[in-house]
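Enquirer: Got a structure for you, written out below as structure tokens; questions coming shortly.
Just so it is clear, none of the values below were taken in a lab; they were calculated from the coordinates. On a predicted model such as this, the values are computed, not experimentally measured, just so you know. When we count neighbours, we look across all protein chains shown, and the Cβ atoms used for this are built from the backbone with ideal geometry, even at glycine.
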Amino acid sequence: MKKFLFNLKPIWQGLTVLQLLVFFSIGRLQAQATVTEFQMRGAINELTEATKVLFQNPSIRAEVYYLAKNSLFNDRYVGLPDLMSPQTSQVYVKSAIPDQFKGSFKNSMTALVNSNLVAYPTISQFFNAKSNQMGNNFSFFTKANLYFYVPYVEDYEVGSFDPVIVPALEEANVANGYIRNREGTGYTLISGINDAYAELNPTLIITPEVYNEIIDKGDPPSDPVGPRSSCCVAHECCEDNIRQVHAGWARLTKQLDAFISLNGNGGGSEMKWLRVFGTLATQPNGDIVASASATLQSQDYSRRDIRRENWKWWGGTWNADWDCDEVNNLMVVYEQDNEGTVTLNGSLKRTFTNNLGGTVGTGVAGNNNGVSTTGVSVTGSVQNGFEANIGFSSQWTSKDEIVVQDTREEDEFFVINTMDQGCGMREGKNIYDNIDHPVYNCGGTYFRYNLPNRCVERQ
């Protein structure tokens with residue numbers, strides 16, 4: 001039987017015993033573990049049946065609606081552990097939910113399961129479990145979690161939120177679900193549920209483990225110390241100026257994950273931006289060690305963002321200070337999954353002097369954000385300087401193709417990065433003196449972005 005890997009990491013601090021229980025406790029505090037498909041399907045089916053009963057109560061539907069509509073997460077999820085901890089969960093603390101709805105789900109869910117343990121053999125386990133420190137053996141819920149996912153909740157009104165309930169029992173872009181019958185006494189199975197349907201009709205997906213931490217939206221890049229420099233284009237400017245490049249605006253217009261997924265690869269798209277670059281380090285004996293390296297940033301796109309083709313401001317630093325010796329940098333964007341492998345091989349260039357006559361070689365083979373050094377070749381002379389061609393190989397976890405792999409050459413980037421490249425311009429915000437910067441990667445592709453840059457004098 002195929003098994004699925006769920007990456008578990010701490011979210012809340014200072015959990016009470018009750019919180020630990022309903023957080024499927026120890027699973028959030030332990031290392032990775034496997035859960036069988038059979039167990040996961042059982043839990044999803046049981047929660048689906050329980051939800052059909054609970055959603056007869058409009059107060060419970062309203063409670064789920066308000067929690068799903070919060071802006072704390074990168075997508076519209078409500079964790080079962082949070083619903084079972086209304087007094088302590090940070091989701092309740094930070095969400096705009098009327099007091100009269102708080103705890104409706106927990107009270108009814110507890111009563112329902114405890115009154116019929118035979119009907120809920122899997123999800124009833126955490127109700128009767130105790131702290132791991134007491135020696136209990138947490139079987140299924142040590143290793144898994146369940147969420148309500150309402151991808152288009154912003155388009156619904158609380159008064160009409162009586163959603164189709166969709167169990168994520170497979171990986172698919174079209175699903176089956178249960179809709180309440182006209183009499184309001186039960187549910188009927190329907191088919192053909194997808195993004196187009198969910199955008200217009202309230203839809204709730206019951207899905208397994210997802211990363212759903214409260215996000216820190218952070219501040220925009222801060223101004224580097226020093227006055228703005230008017231010299232930013234010419235290569236000669238780099239000695240006296242800090243040349244910063246940031247990941248700015250980006251838009252994703254293709255759903256890279258499934259509408260539903262049993263193994264956690266459903267919902268929105270988790271995009272990873274990398275800057276792959278070469279480094280040279282001179283040793284005390286004059287030898288020079290070459291290596292390939294990478295910096296990594298993340299940005300999530302909800303299914304609604306993607307369907308509406310919304311531009312999102314990223315704002316992270318892509319290159320904090322483009323060094324004079326960096327001939328080029330590689331921009332890579334891919335979508336993170338929990339299975340599959342995508343690879344990329346290539347090379348990067350740096351110039352250097354070698355007045356001490358040391359040898360040039362690679363350092364110990366390592367892995368830096370998925371990038372490893374494979375070798376180095378050198379051309380040039382002592383009189384005219386040298387250029388190192390640093391080879392790399394990379395491997396990331398994704399079921400999709402690499403979305404962007406653009407080499408940016410230093411001698412042209414700072415010249416063209418204020419000119420329309422045929423894709424239009426996007427504003428650079430005040431930290432870039434409101435200068436517009438071009439959009440890259442159009443031409444029919446589904447991911448477009450820009451790279452605002454600025455220069456300040458070194459102090």
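Enquirer: Give, in nm to one decimal, the length gained when the segment between Glu401 and Ala234 is fully stretched (0.36 nm per residue of separation minus the Cα-Cα distance).
Expert: Fully extending the segment from Glu401 to Ala234 adds 56.6 nm.
Enquirer: Just to confirm my numbers, what's the Cα centroid distance between the stretch 150-171 and the stretch 273-336 in Å?
Expert: The stretch 150-171 and the stretch 273-336 have Cα centres spaced 37 Å from each other.
Enquirer: Quick one: which of Lys69/Lys102; Lys52/Lys106; Lys52/Lys94 span more than 24 angstrom between C-alpha atoms?
Expert: Lys52/Lys94
Enquirer: Using only Cα atoms, locate the centre of the stretch 233-253 and the centre of the stretch 407-452, then give the distance between them in Å, rounded to an integer.
Expert: 10 Å
Enquirer: Further question on the same structure: Take Val113, Val439 and order them by how many other Cβ atoms sit within 10 Å, fewest up front.
Expert: Starting with the residue having the fewest Cβ neighbours, the order is Val113, Val439.
Enquirer: Report the charge-dipole magnitude of the stretch 46-99 in Debye, nearest 20, computed about the Cα centre from +1 at each Lys and Arg Cβ and -1 at each Asp and Glu Cβ.
Expert: Here the size comes out at about 180 debye.
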